[in-house]
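To keep things clear, I will list the structure first and then write my remarks on it.
The values are calculated or read from the model by the stated rules, or taken from the named source; none is laboratory data. On a predicted model such as this, the values are computed, not experimentally measured, just so you know. Methodologically, a virtual Cβ is constructed for each residue, glycine included, from the backbone with ideal geometry; neighbour enumeration extends over all protein chains shown. In case anyone asks, the SASA skips ligands and DNA or RNA and just uses the protein heavy atoms, side chains included. Shrake-Rupley method; radii C 1.70, N 1.55, O 1.52, S 1.80 Å.
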Amino acid sequence: HAELGGRMLYAKAYTPNSLLDRIKTGIRPPRGLANFRTAHRLGLNGVETVPHVAAGWRYRSGLVCESVLVTEKPYGSIPVNETVVARQGDAAWRKAFTVLLAEWLAGLHAARIVPHDLKASNILYLPSDVPGESTLILLDLDNCRIHCPVYRPMIARNFHQLYRSFEHLVGRREILRFAAVYRAVRRMTRQEIRTVLQATGKRLAKADAKRR
């Protein structure tokens, strides 16, 4: 990353891990370009992402061997994982943030958008002095699904990813509040949200079993 003209720019390089991955780039766009296009499509759907400044790639033996994506960090934004740790002792803020996060994710899913890797470090928090005006910004757009059916396993996957990011910082109250707000926005039945939470629990149990 580097500061250029008062703008904080970040460059991320994508390198195919194998010859097969390089061959696949002959069929689909390089990852840098794919992410650039995804950001544009999300913007058309009203989803806040980090500004995508440029994408580039280079070839070797007729195949893409590397692509690069340049993004800009919005002024004043903070990674969500850092924000939650810093505001851990502020109960009122935690409550408001739980509602904000649930409404944000429910809004994405309602628009048929499913992030692939929804850990806290892949979301930026842009605070506002005006109550209710703080914003969440999607950072990592790799393999983000757009205009796709949103099935319960996909919801459970995103729930699982978020819980893993905050599991040492949140309690049962925040989890239930998050689920209740999400359910209200998506207009789900109690049984539907219960099914999603059960699927999330199974994912957590399976992941924990693999750790042992």
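Among the chymotrypsin sites (Phe, Trp or Tyr not before Pro) found in segment 1-85, those both in a DSSP coil and sparsely packed, with 15 or fewer other Cβ atoms within 10 Å of their Cβ, are Tyr75. The angle separating the long axis of helix 152-166 from the principal Cα axis of greatest extent in the chain is about 80 degrees.
Please compute the contact order of the chain in relative form: average sequence separation of alpha-carbon pairs under 8 Å and at least six residues apart, divided by the residue count, as a percent. Averaging sequence separation for qualifying contacts and normalising by length gives 19 percent for the chain. For the pairs Lys73/Lys119; Lys95/Lys119; Lys12/Lys202; Lys95/Lys210; Lys119/Lys210, flag any whose C-alpha to C-alpha distance is greater than 25 Å. The answer is Lys12/Lys202; Lys95/Lys210. Summing charges over all other residues whose Cβ lies under 12 Å from the Cβ of Leu9, with Lys and Arg as +1 and Asp and Glu as -1, gives +1. Only one of (i) 145; (ii) 155; (iii) 132 was calculated from the structure for volume of the Cα convex hull per residue in Å³, and its label is (ii). Shown here: segment 130-212, whose C-alpha atoms stretch 45, 31, 27 Å along the first, second and third principal axes, sorted largest to smallest. Let's test the formula: R0 of 45 Å, r as the Cβ-Cβ distance of Arg58 and Arg173. What FRET efficiency results, to the nearest 0.05? Efficiency, from the Cβ-Cβ distance: 0.30. Among residues other than Ile193 with Cβ under 10 Å from its Cβ, the summed charge is +4 (Lys and Arg +1, Asp and Glu -1).
Ligands, DNA and RNA aside, Glu192 has an accessible area near 60 Å² when probed at 1.4 Å. Principal axis extents of the C-alpha atoms in segment 1-121 (largest first, rounded to whole Å): 58, 36, 27. Taking the longest Cα principal axis of the chain as reference, the axis of helix 31-44 is set at about 50 degrees. Each Lys and Arg contributes +1 and each Asp and Glu -1, all at the Cβ; summed about the Cα centre of the chain, the dipole is approximately 1120 debye.
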